[in-house]
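Student: Okay, here's the structure, questions in a sec.
The values are calculated or read from the model by the stated rules, or taken from the named source; none is laboratory data. As the structure is a computational prediction, the values presented were derived from the model and not from experiment. Positions of Cβ are generated from backbone atoms using ideal geometry, with glycine treated the same way; all protein chains shown enter the neighbour counts. To get the accessible areas, we keep the full protein, side chains included, count just its heavy atoms, and leave off ligands, DNA and RNA. Shrake-Rupley method; radii C 1.70, N 1.55, O 1.52, S 1.80 Å.
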Amino acid sequence: MDYQDYYKDHQLFFHKNCDIPPHPTKYGMHAHEIYEFYYLLSGNGTFTVEGNKYLLNPNSIMLMRSNEAHYLQMNKDLPYERIVLHFFPQILDQIDPDRILLTPFDNRSLGVNNFYPSGSFSNQLVRSCLNNILEVKDNDYKKRVAIITNLLTILNELNKSFHNYHPQLLFTAQNSQMTEVISYINEHLFENISIESICKQFYISKSQLNTLFKKATNTTVWKYIITKRLISARHLLYDGVPAVEACMQCGFKDYSTFYRRYRDFFGTSPQDDIHKV
């Protein structure tokens with residue numbers, strides 16, 4: 001990927017990109033073990049989080065917490081330019097141990113109130129903070145300091161907006177049904193859940209479930225479940241939980257299968273990620 005601006009360390013990943021034109025299949029369903037702040041500079045499209053769709057226009061913001069599955073569909077006729085900041089919440093622990101600034105990420109249901117359209121926050125303030133970060137070049141220490149200090153200002157602004165504004169969701173009848181399915185999966189994520197048990201719970205056929213779920217999430221039911229379980233396991237490893245215990249807690253019955261899936265997904269072994277953050 002061709003970055004216009006880029007910084008990455010063990011806790012932060014900041015980048016600015018522009019795709020002309022945006023690739024129609026490039027931004028498929030995914031989830032992160034870290035938090036994501038997303039700011040659209042140009043282009044428009046649909047951002048789907050846990051089956052809920054938001055219409056994106058320039059100067060709008062999306063927020064995703066850890067393990068919120070999302071994907072993007074952009075207008076292929078317009079340049080697609082954005083600024084994205086991924087961060088581990090631990091960087092705020094000394095400044096904000098109660099994580100008040102993370103309220104817009106944490107104090108809501110999955111896929112709900114992720115969206116901040118232009119006008120729901122001070123765009124001048126947020127753009128100024130992002131420009132402050134972009135102005136720092138060729139010095140990793142200063143770049144990191146600029147990212148953290150300006151992130152605090154942005155989070156404070158969004159925290160105020162979160163309490164004063166109710167973002168709009170765009171639902172369809174199909175999405176409403178799949179939202180219930182997605183909620184059910186997350187409530188029983190680490191249990192002995194299966195395609196059959198989901199179909200039985202919602203009185204739906206396998207073909208209907210697969211079709212509607214793929215339309216709502218841009219992925220399959222089982223890939224969604226495995227992705228969520230793997231990210232949850234990685235969080236446990238970061239906290240020092242032994243790999244075998246993390247495997248079992250997150251719904252994997254066989255460690256060798258877990259190990260293989262984990263390595264394929266993250267590119268590292270479970271043992272390598274214990275106490276990593």
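Student: Select one label from (i) 52, 43, 36; (ii) 63, 49, 36; (iii) 50, 47, 37: the one whose number is Cα extents along the principal axes in Å as derived from the coordinates shown.
Tutor: (i)
Student: Where does the chain land at 222 nm, in deg cm²/dmol rounded to the nearest 500, when only DSSP H runs of n ≥ 4 count, each adding -39500 (n - 2.57), divided by all residues?
Tutor: The helix contribution divided over the chain gives -13000 deg cm²/dmol.
Student: Sort 64-70, 4-10 by packing, meaning the average of other beta carbons within 10 Å per residue, with the highest value first.
Tutor: The densest-packed peptide leads the list: 64-70, 4-10.
Student: Say R0 is 41 Å: what FRET efficiency, to the nearest 0.05, do ASN210 and LYS160 get from their beta-carbon distance?
Tutor: Rounded to the nearest 0.05, the efficiency is 0.45.
Student: Then there's this: What is the distance, in nm, between label points placed 7 Å from the Cα along the Cα-to-Cβ direction at HIS188 and at ASN57?
Tutor: Going by the 7 Å Cα→Cβ label model, 4.1 nm.
Student: Report the Cα centroid-to-centroid distance between the stretch 64-86 and the stretch 220-277 in angstrom, as an integer.
Tutor: 25 Å
Student: Now a separate question. So what J values fall out for the stretch 249-254 if you push phi through Karplus, 6.51 cos²θ - 1.76 cosθ + 1.60 with θ = phi - 60°, rounded to Hz, Gly and Pro as x?
Tutor: Computed from phi, the couplings for the stretch 249-254 are 4, 9, x, 8, 8, 10 Hz.
Student: Using R₀ = 45 Å, calculate the FRET efficiency as 1/(1 + (r/R₀)^6) where r is the Cβ-Cβ separation of VAL112 and THR268; round to 0.05.
Tutor: 0.90
Student: Continuing with the same structure: So which lysines pass the test for LYS253, namely a Cα distance under 27 Å, with those fewer than 8 places away in the same chain ruled out?
Tutor: Cα-Cα hits under 27 Å: LYS200, LYS206, LYS214, LYS223, LYS228, LYS276.
Student: Once the other residues with Cβ under 13 Å from the Cβ of SER176 are scored (Lys, Arg +1; Asp, Glu -1), what is the net sum?
Tutor: Combined, the nearby Lys, Arg, Asp and Glu give 0.
Student: Whenever you get a sec, compute what percent of the accessible area on the stretch 177-275 sits on carbon and sulfur atoms (1.4 Å probe).
Tutor: Numbers: 2620 of 5110 Å².
After summing per-atom areas, the C and S share lands at 51 percent.
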